[in-house]
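The values are calculated or read from the model by the stated rules, or taken from the named source; none is laboratory data. Values in this document were obtained by computation on a predicted structure and should not be read as measured data. Neighbour counts are summed over all protein chains in view; Cβ atoms, including those assigned to glycine, are modelled from backbone coordinates with ideal geometry. Note: accessible area is taken over every heavy atom of the protein model, side chains too, but ligands, DNA and RNA are not part of it. Shrake-Rupley method; radii C 1.70, N 1.55, O 1.52, S 1.80 Å.
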Amino acid sequence: MRAVDAIQQKRDGGELAADVLRELILAYSRDEIPDYQMSAFLMATFFRGMTSAETVALTEAMVDSGATIDLAALGRPAVDKHSTGGVGDKTSIALGPIVAACGVPFAKMSGRGLGHTGGTLDKLEAIPGFRIALSEDEFVSQVTDVGMAIVSQTPELVPADARLYALRDVTATVDQISLIAASIMSKKIAAGASAILLDVKVGAGAFMRTLDDARELALAMIALGVGANRQVKCELTDMGQPLGCAVGNALEINEAIDTLQGNGPADFAELVVSSAKHLLAMSDLGIDEVESEARARGAIASGRAYVVYEEWIVAQGGDPDRNLLPRAAVIREVIAERSGYVTEVDALAIGIATVQLGAGRARKQDAIDHSTGVVCCSKRGDSIEAGSVIAVVHARSADEADQGVAAVQNAYTLGEEAPPASPLVLEFLT
Ligand code: URA
């Protein structure tokens, strides 16, 4: 196979045979194809798309480019969950302990934040001492002993994705549905769980801006997972406004703890329980969604989920005492300039403001400040009085706090009338 022929075939709208696509990806992973040819191939794919068969071949080649995790030692199926990324999305940190407290192994590999979206690993690293890098043996034995682990992906797992993603990032070829679906599902398949719950975010703060695109991505990912003998279900959830109130690493850990103790913000608590319900119903417990939801709520109410949270954090070297989470030097309130209803809290604007406060990174190598961020006290639909606190900015300095307050003010839109109620979970696909 000559790379130039594959590029030309894709450029002209042809369908590549599975073995050609496979060889292209594996040769690129072995450094036998240069970045400039792979860039051309990605751009041709961006414009021409891929058939379902091509997307399957791409995903399989990506999985086969590296090692896979064998969870057989658990002796039973594990569950996993993946979100396509959003603002304030700390779901896995509360969800894992609930699922594990209900007796189902939760084995998850996570990523870092990039751009305006946060990453679970960055949030966990706000916890003093927390180790994100475990060996495969440590990962499996921790899931056996504690019931859960959330770790960084090892470099051996799907190395083709690491290289391709970095190239897509700088060639404007990230937002293509087959490429995203293959990238996400190759990592989920390689990580070994039998049942995977996907959360495709939709709206201003998400990759997928429209419900139609989100649905297409969800269906592509479900097909890839099912083709690899996994059980896969997918929630499409609103990312027009931030999820919960807290955006920023330590702030989000605090909110996850609140939620595990039954005091979380309503929308976030709803998503956590709904996700736990789906995962438990997909597990080997053999229970339906009604019983699953009751057990998830019971794990929170009894305090068992929070106990598992503490055991998990300790197992990964962290100190679960929330008083030890880093605190920002400057904390400034954002005050409503008028009375009215909150009609919008722009998730993208809040995400960008949070990055500018130091909580996220513009480039992969940037350091972040785990203490900073924004707490959105008022959410869409809330009625507020002029002079009340709508948000709180946590900053490194007075100057950055001023900029943060201005940016957060602009992210809020107030109106005379309450906006129509909009659900958080927009659709559930199986
Ligand atoms: N997340 C991924 O892991 N891959 C993509 O391509 C997009 C989001």
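What residue, of Glu23, Glu15, is farther than 30 Å from Ala296 by Cα, of a type outside the set (A, V, I, L, M, F, W, C), part of a helix (DSSP H, G or I) and more than 16 Å from the ligand (Cβ to nearest atom)?
Of the residues listed, the single one that is farther than 30 Å from Ala296 by Cα, of a type outside the set (A, V, I, L, M, F, W, C), part of a helix (DSSP H, G or I) and more than 16 Å from the ligand (Cβ to nearest atom) is Glu23.
Looking at the stretch 130-146, can you tell me whether even one residue there is of a type in the set (Ser, Thr, Tyr), surrounded by fewer than 19 Cβ atoms within 10 Å (Cβ to Cβ) and at pLDDT 95 or above? Taking every residue of the stretch 130-146 in turn, at least one turns out to be of a type in the set (Ser, Thr, Tyr), surrounded by fewer than 19 Cβ atoms within 10 Å (Cβ to Cβ) and at pLDDT 95 or above.
In the stretch 150-169, the qualifying residues are those that are crowded, with 21+ Cβ neighbours inside 10 Å and farther than 21 Å from Asp70 by Cβ, and the one that is farthest from the ligand (Cβ to nearest atom) is Leu164.
Being in a helix (DSSP H, G or I) and either within 14 Å of the ligand (Cβ to nearest atom) or open to solvent by 30 Å² or more (accessible area, probe 1.4 Å) (or both) narrows it down to one of Ala223, Ala206, Ala172, so name that one.
From the options Ala223, Ala206, Ala172, the qualifying one is Ala223.
For Ile189, the criteria (1) of a type in the set (A, V, I, L, M, F, W, C); (2) at pLDDT 95 or above; (3) out of contact with any helix residue (DSSP H, G or I) (no Cβ under 9 Å at 6 or more places or on another chain) hold in every case but one, which is (3).
Checked against (1) open to solvent by less than 10 Å² (accessible area, probe 1.4 Å); (2) over 20 Å from the mean Cα position of the chain (by Cα), Leu124 passes all but condition (2). Residues Thr59, Thr68: which one is under 30 Å from Gln9 (Cα atoms), polar (S, T, N, Q) and in contact (Cβ under 8 Å) with a residue 12 or more places away in the chain? Exactly one of Thr59, Thr68 is under 30 Å from Gln9 (Cα atoms), polar (S, T, N, Q) and in contact (Cβ under 8 Å) with a residue 12 or more places away in the chain, namely Thr59.
Regarding the stretch 347-361, can at least one residue be identified that is of a type in the set (Lys, Arg), more than 17 Å from Val375 (Cα to Cα) and within 21 Å of the chain's Cα centre (by Cα)? Taking every residue of the stretch 347-361 in turn, at least one turns out to be of a type in the set (Lys, Arg), more than 17 Å from Val375 (Cα to Cα) and within 21 Å of the chain's Cα centre (by Cα). The helices (runs of 4 or more DSSP H) found wholly in the stretch 246-314 and carrying at least 1 residues that are over 16 Å from Cys102 (Cα atoms) and open to solvent by less than 30 Å² (accessible area, probe 1.4 Å) occupy 249-260, 266-282. In summary, no strands (runs of 3 or more DSSP E) completely within the stretch 325-399 bear 2 or more residues that are among the basic types (Lys, Arg), over 15 Å from Asp122 (Cβ atoms) and open to solvent by less than 60 Å² (accessible area, probe 1.4 Å). Among the residues that make up the stretch 239-253, is at least one of them touching a residue at least 40 places away in the same chain (Cβ under 8 Å), out of contact with any Gly (no Cβ under 7 Å at 6 or more places or on another chain) and more than 22 Å from Gly115 (Cα to Cα)? No; the residues of the stretch 239-253 include none that is touching a residue at least 40 places away in the same chain (Cβ under 8 Å), out of contact with any Gly (no Cβ under 7 Å at 6 or more places or on another chain) and more than 22 Å from Gly115 (Cα to Cα).
Only one entry of Thr84, Thr59 meets the criterion of being open to solvent by less than 10 Å² (accessible area, probe 1.4 Å) and not small (Gly, Ala, Ser), and that entry is Thr59. Among the residues of the stretch 359-369, are any among the charged types (D, E, K, R), without any contact (Cβ under 8 Å) to a residue 24 or more places away in the chain, within 21 Å of Ala250 (Cβ to Cβ) and not assigned by TED's automatic domain parsing to the domain that holds Leu197? Yes, the stretch 359-369 contains a residue that is among the charged types (D, E, K, R), without any contact (Cβ under 8 Å) to a residue 24 or more places away in the chain, within 21 Å of Ala250 (Cβ to Cβ) and not assigned by TED's automatic domain parsing to the domain that holds Leu197. Helices (runs of 4 or more DSSP H) fully within the stretch 31-128 that include at least 2 residues being within 14 Å of the ligand (Cβ to nearest atom) and closer than 25 Å to Gly240 by Cα: 120-124.
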